[in-house]
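Here's the structure we're looking at; comments come further down.
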Amino acid sequence: MTRCIPRLPAAGVLLVFLLTACGGEPPEHTSPETGDDYDALVAIFDEFRALRAPPPADDGHVDDRPGAVAERIERLTELQRRLDAIDTDGWDRAREADHLAVRAQLDELEFVLRVTRPWARDPVYYVNRMLRLAFTELPAEGEALETLQRALRTLPALVDQATANLTDITRDHGELAIFHLTTSDGVGFEHPERDTPPPGVIGWYDDLLGRAGNAQPELVDDIISAREAVEDFHDWLVTRRDDFAGDNGVGEALFDWYLHHGLLIPHTSAEILEMAERELERVEAFHALERERNRGLPEIELARSEEEYLQRIADTDAWIRDWLVAEDFISIPEFIPDDWQDMGFNVPWVDRGTPPNFWEQVQYRDPAPDHLHAVIPGHRYDVWFERQSEHPIRRHIRDGVRYQGWAVYLEETPLQLGLFDQRPRTRELIYTFLQWRAARTIGDILNQHNVMSAPEVIDWWVARTQWMDENVARSYAYLRPHPGHGLHYTYGHLQMRQLLTDYRLQQGDDFVLRDFHDRFMAAERIPLSLIRYEMTGLDDEVRELRTRVPLTELLD
C-alpha cells in the first residue's frame, strides 16, 4: 500500500489533520474539554508564567534581592496549593498529563528559587546579560536606540545588584565568570563574527565602543560608563577569589528530587548514570567497529571554504527531505519552510587561527548528523510545530528531555534505517555525537553529585570524546540555572527507544513508523514520561510520578 505524505495546513486544525490525513485518530488533547477544574488548571499556569518571568524593577532589571525572591516563593507556594486542590478524578490521560506537566513546571521553578539560586551563587548569571548587550548592532534607531541607551545607563545598577546578591559564590562558577570577563571562550556560539574574537565581555565593550565611535558617537559616553561598571564587577570578583567556596553541584538527594519532580523522570540519577555508562560503552564499541569496517575507505575531508561548506548543507538538506518522504518517516506540514536557509543551521563557517572546534570537526565534514538533530526533523522543525500550537498549556512548555531526546533519536534512527548506507564514514560521525552525549550525561551527574569538579569534568570529556576541545567542553561544564541539562540528550534518547518499543508491541502488524512519529509530534513538548502514558496508556511510570514530596522536607 502507498502511504500518503500530506502537506499539512497551519493554524488550529493542524494537530487533528496530522493524525486524520492518512486515517489515524487525533490525539485526545487537541481540543481539551473546558470546565471549572480544567479552566482552573489553565488559570494557574497562566499566573505561573507571569511569575516565572517577572517584569523589571525600577532600575530596569529583575529584582533578585532576598525580599523579592521570598515574595516569589510565597506566590509560587500559593499556586502549588491551588494546583493540589484540583480534583483530577475522571480526567482522561491527556488532561491528567497536562496537570502533571504544570505541576512539574512549578516544581522546577521552586528548585531554582530555593536551591540553585543563580543570583546568589553564580556570577555568570549576570555576566551573560552584560555580554548580550555588547552585541548590539549599530547604528540603532528609534525604539531600538532608546532600549540600548536605557540598558547601557542601567548596567551599573545591574552590577550593584550583583555585588549585593552574590553572597554564596561557588568556586567553579566564580572562576568561570572571571574567565569570561577577560578571555574569549574560544567557541563564540551566537557571538557576532570577528576576525579576532574580543577578549571576553570587557573586550566586547571595547568592540562596541569602537563601532560607536564610527557609527553613533552619541553613545560613546554611555558605553564608557557601562564598560567601567563591567570592569568594576571583574575587579570585585577578583578581590573575593579566596572567598569562593562550595561545590556548584546540588548533591545526589536534591538532584534526584529535581529529576523526579521538576523533569518527571522515573529514574534516580544513580540509575541514569549506570544507563549512560552502558550507553557510552555501546557507542564507543560501535564507533570502533565502524572504523574497522571502513578502514579501507578515505576519510571525509573538512570543507575548505565557506562556499563549499554551505553547498554541503544545501545538498544535505535536499537529500534528507527526499529521504523523509521516500521512506515515509514523518509528515512534513506546509508551514515547514522549503528553503533550508529559512530553517537555519547550528554551526557557522568561522576562519580562525586555531583548529576547528568539536562541532566544526563534525559539521565541516558532513552536516548530516547535526542537520537531522537541529534542523529537520529536529529542533527547528520542532519549533515550527510549536508556533502552530493553540493548546493553552502545551504550547508554552518545552521540556528539555523531550526536546533533546527526540533530536538525538533522529541521529541514530535514520542510520539504523539505512540513510547512511552509502555514506559509511558519516556513520562514524553519528557515533562520535552519541559518544559525546553519553559522556556528557556521566560528567553532568558526577558534577551534580559533587564527585567531580567542573575542571575535572572538562578534562574527562576531552579524554573520552573524539575531537573534543577544552573550549567546547568548558562551555558545557557549568550548568546554570537548572542542573541536569547534560543528561537530557542520552536519557531522552533512551526514553524515545523505550516509547518506540512499547508502541510497536501494542500496534503489532498495524505499526507504521510515520504514524508513530506523527502522534509523537502531536503530543507536543511535555515530558516524555507523560507522552508515553498518553500514547500507550502504560501507567507504570506515572503511578510513581504522581507522588509528590515537598522540597522543603529535604531542606529542613
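Figures for the structure shown
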read-out: Residue that is surrounded by 15 or more Cβ atoms within 10 Å (Cβ to Cβ) and farther than 30 Å from Gly353 by Cα, where the choices are Ala144, Ala151, Ala164; value: Ala151
read-out: Flag for Ala50 being without any contact (Cβ under 8 Å) to a residue 40 or more places away in the chain, among the aliphatic types (A, V, I, L, M) and part of a helix (DSSP H, G or I); value: yes
read-out: Tally of residues being small (Gly, Ala, Ser) and within 23 Å of the chain's Cα centre (by Cα) across segment 231-282; value: 6
read-out: Yes/no for Ala285 being of a type in the set (A, V, I, L, M, F, W, C), at pLDDT 95 or above and surrounded by 13 or more Cβ atoms within 10 Å (Cβ to Cβ); value: no
read-out: Selection from segment 494-529 of residues that are closer than 24 Å to Leu434 by Cα and hydrophobic (A, V, I, L, M, F, W, C); value: Leu494, Met496, Leu499, Leu500, Leu513, Phe516, Phe520, Met521, Ile526, Leu528
read-out: Candidates Glu299, Glu277, Glu252 - the one that is touching a His at 6+ places or on another chain (Cβ under 7 Å) and either at pLDDT 95 or above or at negative phi (or both); value: Glu252
read-out: Conditions (1) in contact (Cβ under 8 Å) with a residue 60 or more places away in the chain; (2) in a helix (DSSP H, G or I): number failed by Asp59; value: (2)
read-out: Leu219 being out of contact with any Gly (no Cβ under 8 Å at 6 or more places or on another chain), at pLDDT 95 or above and surrounded by 20 or more Cβ atoms within 10 Å (Cβ to Cβ); value: yes
read-out: Within segment 233-282, tally of residues that are touching a Leu at 6+ places or on another chain (Cβ under 8 Å), among the small types (Gly, Ala, Ser) and surrounded by fewer than 20 Cβ atoms within 10 Å (Cβ to Cβ); value: 1
read-out: Any hit, segment 158-169, residues being more than 22 Å from Arg227 (Cβ to Cβ) and touching a Pro at 6+ places or on another chain (Cβ under 8 Å); value: yes
read-out: In segment 55-65, the residues that are surrounded by 13 or more Cβ atoms within 10 Å (Cβ to Cβ) and out of contact with any helix residue (DSSP H, G or I) (no Cβ under 7 Å at 6 or more places or on another chain); value: Ala57, Val62, Asp63
read-out: Pairs with Cβ under 7 Å, 6+ apart, first in segment 129-151 and touching a residue at least 24 places away in the same chain (Cβ under 8 Å), second among the hydroxyl-bearing types (Ser, Thr, Tyr); value: Ala134/Tyr205; Leu148/Thr136
read-out: Criterion (over 26 Å from Asn248 (Cα atoms) and in a helix (DSSP H, G or I)) met by exactly one of Pro139, Pro198, Pro192, Pro156; value: Pro156
read-out: Complete set of residues in segment 505-518 that are surrounded by 13 or more Cβ atoms within 10 Å (Cβ to Cβ) and not β-branched (Val, Ile, Thr); value: Gln506, Gln507, Phe511, Leu513, Arg514, Asp515, Phe516, His517, Asp518
read-out: Pairs, first at positive phi in segment 155-178, second surrounded by 22 or more Cβ atoms within 10 Å (Cβ to Cβ), C-beta under 6 Å, six or more apart; value: none
read-out: Conditions (1) surrounded by fewer than 18 Cβ atoms within 10 Å (Cβ to Cβ); (2) under 20 Å from Gly249 (Cα atoms); (3) among the polar types (S, T, N, Q): number failed by Gln466; value: (2)
read-out: Yes/no for Gln495 being in the same structural domain as Ala104 (by TED's automatic domain parsing), touching a Ser or Thr at 6+ places or on another chain (Cβ under 8 Å) and either surrounded by fewer than 17 Cβ atoms within 10 Å (Cβ to Cβ) or over 30 Å from Leu417 (Cβ atoms) (or both); value: no
read-out: Given (1) of a type in the set (A, V, I, L, M, F, W, C); (2) surrounded by 20 or more Cβ atoms within 10 Å (Cβ to Cβ); (3) modelled with pLDDT under 95, index of the condition Leu76 fails; value: (3)
read-out: Output for segment 200-230, where each listed residue is in contact (Cβ under 8 Å) with a residue 12 or more places away in the chain, within 17 Å of Leu131 (Cα to Cα) and either small (Gly, Ala, Ser) or in contact with a strand residue (DSSP E or B) (Cβ under 7 Å, 6 or more places away or on another chain) (or both); value: Gly200, Gly203, Ala212, Ser225, Ala226, Ala229
read-out: Residue match in segment 450-469 (condition: of a type outside the set (Gly, Ala, Ser), under 30 Å from His173 (Cβ atoms), at pLDDT 95 or above and within 17 Å of the chain's Cα centre (by Cα)); value: no
read-out: Test: Arg227 is farther than 30 Å from Gln416 by Cβ, touching a helix residue (DSSP H, G or I) at 6+ places or on another chain (Cβ under 7 Å) and assigned to a helix (DSSP H, G or I); value: yes
read-out: Candidates Asp382, Asp421, filtered to the one that is in contact (Cβ under 8 Å) with a residue 40 or more places away in the chain and among the charged types (D, E, K, R); value: Asp382
read-out: Residue match in segment 296-306 (condition: touching a Pro at 6+ places or on another chain (Cβ under 8 Å), not in a loop (DSSP other than H, G, I, E, B) and not small (Gly, Ala, Ser)); value: no
read-out: Every residue from segment 292-328 that is in contact (Cβ under 8 Å) with a residue 60 or more places away in the chain and closer than 12 Å to Gln363 by Cα; value: Ile300, Glu301, Leu302, Ala303
read-out: Lone unmet requirement of (1) at negative phi; (2) crowded, with 20+ Cβ neighbours inside 10 Å; (3) within 20 Å of the chain's Cα centre (by Cα) for Glu524; value: (1)
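The values are calculated or read from the model by the stated rules, or taken from the named source; none is laboratory data. Here the structure is a predicted model, which means the values were calculated and not measured. Neighbour counts are summed over all protein chains in view; Cβ atoms, including those assigned to glycine, are modelled from backbone coordinates with ideal geometry.
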